[in-house]
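J.: Below: one structure in structure tokens.
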Amino acid sequence: MNLQIDLNTNLDECGNVIDGNVVNENTMGDKDGKNLEPYTGLEFDTQDDAYSFYLRYAKCTGFGISKKSSRRSKLSGEFIDAKFACTRSIAFSNTHSINMLRAVGVGTNKIFAAMARKNGGYENIGYTEKDIRNHLDKERRLALELGDARAMLNHFTQMQEENPNFFYAVDLDEEQRLKNVFWVDATSREDYKIFGDVVSFDTTYITNKYKMPFAPFIGVNNHFQSILLGCALLADETTSTFVWLMQTWLRAMGGKHPIAILTDQDKAMKAAISIVFPNSRHRFCMWHILRKIPEKLSYVIKKDESFMRIFNDCVYNSWLEEDFEKKWWNMIGEFELEGNEWLGSLYEDRKFWVPTYMRDTFFAGLSTTQRSESINSFFDKYVSKKTSLKEFVEQYKVALQDRQEKEAYASFSTLHKKPMLKSPSPFAKQMSRIYTHEVFKKFQVEVLGASACFSEQKLEVGTIKTFEVKDFEKNVAFMVNWEVRSQEINCLCRLFEYNGFLCRHVLCVLQSLGVFSIPPHYILKRWSKNAKSLDSTSSTSNIPKGIQFKKQRFDKLFYQATKLSEEGSLSSGSFNIAYCALQDALEKCIRVNRSLKEHEVELDGAYKVDKENIDGNLLDDISILDPQISSTKGALKRMKK
């Protein structure tokens, strides 16, 4: 195997190396590399020989290098291409332009596109979009103003004193300077117990004057609303930082792993998730992948507009893995894309983003990280680029309260308003009494879609019946299996496994079988109106056992008060009973709380709070320094507090 050094990078700006298209006449033939300059056409026997030569030359000349990319032969497995570049290729050629664009708020992907136009194409830049991101992140630290670190930690201390279930953690460097910070409130920790099956994680949002990535953990509640399950401010986006953050978040959530987690297509994040969540199903955000197509395959789209139609058909209409494989390689051959590295990487990661490989995993309808983006835009109402770190954390609390009020309103509407039925279907009537309004809207689409389906039994083996369902709206036939004894039913489209409610094809088969009630094991409680109701096993007494904080007590009282309001408003007699009971209870509560205050007893009263639990999360015994911009490297000291 012979390899050539790729000199497309502007190496002449990084140590007086010649341009890639010019042969230096002063090169000499010694092998030690001291007097030999690279030139176009210089060959080596192995990749290691080429890299060693370039490394020796770089040391003599005075610049650093890095491996940019490499490719192996699909037939022999040997390296057939390798690219090495000067580490200064960005810093000396386009640093000023990149920094100027970033200063006015231009995103990394748009900066990369601008540099491509400036240099006459992506192939002429000499670095990748990831290099730009690393350049912008290189000097990033939590560069706080004097005293900001202590002010932020004091704020966390206050929040924890209000509710000991508030959790926070900080990551310090070797000089005890603040690097990363994570926090999660008590409500989010409780929500995770119910809605922690699917989590979206995103780091694309950067706001506040320190330009730090805001990394929220996002879930979805029974009203199909985005909920915050914790968040962090990070100094960088490396694997080690992600591992620290995810391990910290997992500890805050009691060690419960999510069933599935959605992220951007990022190597560092992928590596961290494989370490911390080895049993969780990791999926890349489809939206992030699709938005890269105009950048990566612009020449293909300009040449043939049918490419996107064929690509979408391959991705979205492949119901079996073998269908995807066949369509993918037909597409690659038709458009002569065998050597496209980006598509090659997508194919290698196909089990992380192609729907047909995900249909057996519950994702609660989360197919993209648009939930994270909606959370991010939600925070835009409360923070700006001039927001300090302490202000950011304070505004987070305000934003969280606003979102919780929206959830409370949705719960109230679900309990007191009936959804509109668009058909007399018994399935619709049944689930309108169980599902929340937003989930029922999605289910009713399937109910209506069942009218455009026709089922026909094709096979019967033992107690299993197989049906072919023709979907005239999608113009596709799906196979549905029904097990008579257990009443288990599954469809090739896997909508139930993916979204958590039955599809139109299953409803069509149930109707043909004379089954007009959805079996209880296909009704997920997490989508129901009573998703947050207490389990019967949690307590047998009127007052739940264990420590009860204000938020927990408020939720239980609110739930009971809602039921009382519903019954009490049905007649004048029941109204008088309920109203008098409320008045009497209110007066008694006021007297009890007044008595506790007079005797200097905390209102959290008889339930003794473990003081060590609070102090264990404080940093009063450590001198925390405000972060400074530093380029030093080394392992970080992880402080778990």
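J.: Scanning for something modelled with pLDDT of 80 or more and under 18 Å from the mean Cα position of the chain (by Cα), does region 364-381 turn up at least one residue?
T.: For region 364-381, residues modelled with pLDDT of 80 or more and under 18 Å from the mean Cα position of the chain (by Cα): present.
J.: If we scan region 458-470, do we find a residue that is of a type outside the set (Ser, Thr, Tyr), closer than 22 Å to SER425 by Cα, in a strand (DSSP E or B) and touching a residue at least 24 places away in the same chain (Cβ under 8 Å)?
T.: yes
J.: With respect to ILE301, determine if the residue is hydrophobic (A, V, I, L, M, F, W, C), touching a helix residue (DSSP H, G or I) at 6+ places or on another chain (Cβ under 6 Å) and farther than 24 Å from LYS474 by Cβ.
T.: So ILE301 fits the description; yes.
J.: Out of all the residues in region 573-612, which are small (Gly, Ala, Ser), at pLDDT 50 or above and loosely packed, with under 10 Cβ neighbours inside 10 Å?
T.: GLY573
J.: Exactly one of (1) surrounded by fewer than 17 Cβ atoms within 10 Å (Cβ to Cβ); (2) closer than 27 Å to ASN222 by Cβ is unmet by ALA452. Its number?
T.: For ALA452, the exception is condition (2).
J.: Still on this structure, I have one more. Among the candidates LYS442, LYS418, which residue alone is over 30 Å from PHE156 (Cα atoms), open to solvent by 50 Å² or more (accessible area, probe 1.4 Å), of a type in the set (Lys, Arg) and assigned to a helix (DSSP H, G or I)?
T.: After ruling out the rest, the residue left standing is LYS442.
J.: Might you check whether a residue that is crowded, with 23+ Cβ neighbours inside 10 Å, part of a strand (DSSP E or B) and out of contact with any helix residue (DSSP H, G or I) (no Cβ under 6 Å at 6 or more places or on another chain) occurs anywhere in region 170-178?
T.: Looking through region 170-178, at least one residue is crowded, with 23+ Cβ neighbours inside 10 Å, part of a strand (DSSP E or B) and out of contact with any helix residue (DSSP H, G or I) (no Cβ under 6 Å at 6 or more places or on another chain).
J.: Which fully enclosed helices (runs of 4 or more DSSP H) of region 196-292 have 3 or more residues being surrounded by 23 or more Cβ atoms within 10 Å (Cβ to Cβ)?
T.: Passing ranges, in order: 239-252.
J.: Kindly state which helices (runs of 4 or more DSSP H) lie completely within region 86-168 and contain at least 2 residues that are surrounded by fewer than 19 Cβ atoms within 10 Å (Cβ to Cβ), at pLDDT 80 or above and of a type outside the set (Lys, Arg).
T.: Answer list for region 86-168: 108-119, 148-162.
J.: Among LYS458, LYS474, which is of a type in the set (Lys, Arg) and under 38 Å from the mean Cα position of the chain (by Cα)?
T.: Testing whether each residue is of a type in the set (Lys, Arg) and under 38 Å from the mean Cα position of the chain (by Cα) leaves just LYS474.
J.: Is it the case that region 338-353 has a residue that's of a type outside the set (Val, Ile, Thr), more than 25 Å from the chain's Cα centre (by Cα) and surrounded by 15 or more Cβ atoms within 10 Å (Cβ to Cβ)?
T.: Yes, region 338-353 contains at least one residue that is of a type outside the set (Val, Ile, Thr), more than 25 Å from the chain's Cα centre (by Cα) and surrounded by 15 or more Cβ atoms within 10 Å (Cβ to Cβ).
J.: If you don't mind, another one. Taking only region 38-52 into account, find how many residues are open to solvent by 60 Å² or more (accessible area, probe 1.4 Å) and not in a helix (DSSP H, G or I).
T.: Residues that pass the stated criteria total 4.
J.: Based on what the data block shows, is LEU55 more than 24 Å from PRO213 (Cβ to Cβ), modelled with pLDDT under 65 and either open to solvent by 30 Å² or more (accessible area, probe 1.4 Å) or outside any strand (DSSP E or B) (or both)? Don't jump to the end; show me each part of the working.
T.: Values: more than 24 Å from PRO213 (Cβ to Cβ): yes; modelled with pLDDT under 65: no; either open to solvent by 30 Å² or more (accessible area, probe 1.4 Å) or outside any strand (DSSP E or B) (or both): yes.
No, not satisfied.
J.: Also: Has region 241-250 got any residue that is more than 15 Å from the chain's Cα centre (by Cα) and over 18 Å from VAL184 (Cα atoms)?
T.: No: region 241-250 contains no residue that is more than 15 Å from the chain's Cα centre (by Cα) and over 18 Å from VAL184 (Cα atoms).
J.: Okay, moving on. Taking only pairs six or more apart or across chains, which ones have beta-carbon atoms under 8 Å, a first residue in region 475-504 that is touching a residue at least 12 places away in the same chain (Cβ under 8 Å) and within 17 Å of GLU321 (Cα to Cα), and a second residue that is surrounded by fewer than 21 Cβ atoms within 10 Å (Cβ to Cβ) and among the small types (Gly, Ala, Ser)?
T.: Matching pairs, first to second residue: TYR498/GLY365.
J.: Quick one: PRO520 ticks every box in (1) within 25 Å of LEU366 (Cα to Cα); (2) crowded, with 16+ Cβ neighbours inside 10 Å except a single one, so which number is it?
T.: (2)
J.: Which residue pairs have Cβ atoms closer than 6 Å, lie 6 or more positions apart in sequence or on different chains, and pair a first residue in region 318-334 that is free of Cβ contacts under 8 Å to residues at least 40 places away in the same chain with a second residue that is surrounded by 14 or more Cβ atoms within 10 Å (Cβ to Cβ) and of a type in the set (Phe, Trp, Tyr)?
T.: Going by the 6 Å Cβ cut-off, the qualifying pairs are SER318/PHE324.
J.: Here is a follow-up. Of the residues that sit in region 282-326 and are closer than 18 Å to PHE352 by Cα and among the basic types (Lys, Arg), which one is modelled with the highest pLDDT?
T.: Among those residues, the one meeting the criterion is ARG283.
J.: While we're on this one: Could you please tell me which pairs satisfy a Cβ distance under 9 Å, a separation of 6+ or placement on different chains, a first residue in region 241-254 that is touching a residue at least 60 places away in the same chain (Cβ under 8 Å) and hydroxyl-bearing (Ser, Thr, Tyr), and a second residue that is assigned to a helix (DSSP H, G or I) and open to solvent by 10 Å² or more (accessible area, probe 1.4 Å)?
T.: THR241/ALA268
J.: Another question, then. Go through (1) more than 30 Å from ALA410 (Cα to Cα); (2) of a type in the set (Phe, Trp, Tyr); (3) modelled with pLDDT under 90 and name the single condition TYR205 misses.
T.: Condition (1) is where TYR205 drops out.
J.: Under the condition of being open to solvent by 60 Å² or more (accessible area, probe 1.4 Å) and free of Cβ contacts under 8 Å to residues at least 12 places away in the same chain, which residue from region 293-302 is farthest from THR203 (Cα to Cα)? Give the steps one after another, and end with the answer.
T.: Just the residues of region 293-302 that are open to solvent by 60 Å² or more (accessible area, probe 1.4 Å), to begin with: 294, 296, 299, 302.
In the following step, the residues that additionally are free of Cβ contacts under 8 Å to residues at least 12 places away in the same chain were identified as 294, 299, 302.
Details: PRO294: 22, TYR299: 30, LYS302: 32 Å.
Filtering first and then ranking leaves LYS302.
The values are calculated or read from the model by the stated rules, or taken from the named source; none is laboratory data. These numbers were taken from a predicted model, which means no experiment stands behind them. Please note: Cβ atoms are built from the backbone with ideal geometry, for glycine as well, and neighbour counts cover all protein chains shown. Protein only, heavy atoms only, side chains kept; ligands, DNA and RNA dropped before computing areas. Shrake-Rupley method; radii C 1.70, N 1.55, O 1.52, S 1.80 Å.
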